[in-house]
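One structure is given below, encoded as structure tokens.
No lab work stands behind these numbers, since they all come straight from the coordinates. Computed from a predicted model, the values in this text were never measured in an experiment. Using ideal geometry, Cβ is built from the backbone for each residue, glycine included, and neighbour counts are taken over all protein chains shown.
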Amino acid sequence: MSEEWGPWNSEYVDINPIAGSIIWRYRPRSSFLANEQEYQRWNALYAHTPAFACLNRKGYLTGRIHGNSYLAHRVIWAYSNGTWPSGELAHINGEKTDNRNANLREVSRTQNCRNLRKNIRNTSGCTGVKKSRSGKKWVAEIGCGAGKKVHLGSFENFDDAVAARKSAELVMGYSARHGS
């Protein structure tokens with residue numbers, strides 16, 4: 001696919017970056033190689049309805065044009081900025097279906113990881129805080145990029161471990177909603 005062409009400059013959809021929506025346009029008969037019935041059926045079912053409205057396994061809105069699958073937030077970004085994002089896009093408020101351009105920002109992989117929600121396997125209630133192997137102390141740690149972790153200390157009580165973790169998050173530029 002060429003950088004110049006994309007669903008953001010397509011005759012098939014209307015994009016509203018302020019609302020974060022993509023709507024199917026009415027398609028002319030010339031868009032259909034199939035018979036007249038297919039043309040009428042498609043427009044009756046889809047014209048003026050939300051496009052890119054299917055949730056994928058990760059919770060993002062997605063859709064297809066010309067057999068290619070696109071993520072709605074990347075289409076809206078491209079429409080607003082004139083080109084595909086070069087890196088990852090983050091939803092500022094953490095809502096994967098809130099595709100308003102004002103809620104999207106281009107980030108590095110490291111920045112995006114510093115804006116993640118708490119992992120579903122977390123048992124302590126605080127990201128980066130866990131019981132030691134002996135089960136007698138609380139251990140705090142934080143990721144510093146490239147898959148590496150920094151040990152912040154071992155603590156007698158949970159609150160001290162949480163405080164160490166939160167302090168390190170501030171210093172390292174984690175988002176305020178990380179781990180919540």
Completion exercise
HN-Hα couplings for segment 46-51 via Karplus (6.51, -1.76, 1.60; θ = phi - 60°), in whole Hz with x for Gly/Pro, come out as 10, 4, 6, 10, x, 9
Problem - Charge tally in the Cβ shell below 12 Å around Glu11, where Lys, Arg are +1 and Asp, Glu are -1, Glu11 excluded - result: +1
Practice task
Grab the alpha carbons of segment 84-123, take their convex hull, and tell me the volume per residue in Å³.
Solution key: 82
Problem - lysines whose Cα lies under 25 Å from that of Lys96, excluding same-chain neighbours fewer than 8 positions away - result: Lys58, Lys118, Lys166
Completion exercise
The set of residues whose placed amide H lies less than 5 Å from the amide H of Leu116, leaving out same-chain residues fewer than 5 positions away, is Gly179
Fill in the blank from the handout: Computed over segment 1-160, the Cα gyration tensor eigenvalues, each multiplied by 5 and square-rooted, give semi-axes in Å (largest first) of 45, 16, 12
Handout entry: Mean ellipticity per residue at 222 nm, deg cm²/dmol - from DSSP H runs of n ≥ 4 across the chain, formula -39500 (n - 2.57)
Key = -6500 deg cm²/dmol
Practice task
In whole Hz, with x marking every Gly and Pro, tabulate ³J(HN,Hα) for segment 162-175 from phi via Karplus 6.51 cos²θ - 1.76 cosθ + 1.60, θ = phi - 60°.
Solution key: 5, 4, 5, 5, 5, 4, 5, 4, 4, 5, 8, x, 6, 6
Problem - Long-range tail of P(r) for segment 61-112 (Cα pairs > 13 Å, %) - result: 57
Practice task
List the pair-distance distribution P(r) of segment 94-157, using every Cα-Cα distance, as the percent of pairs falling in each 10 Å bin from 0 up to the bin containing the longest distance, rounded to whole percents.
Solution key: 17, 40, 27, 13, 3
Completion exercise
Mean shadow area (nm²) of the C-alpha convex hull around segment 9-67 is 4.8
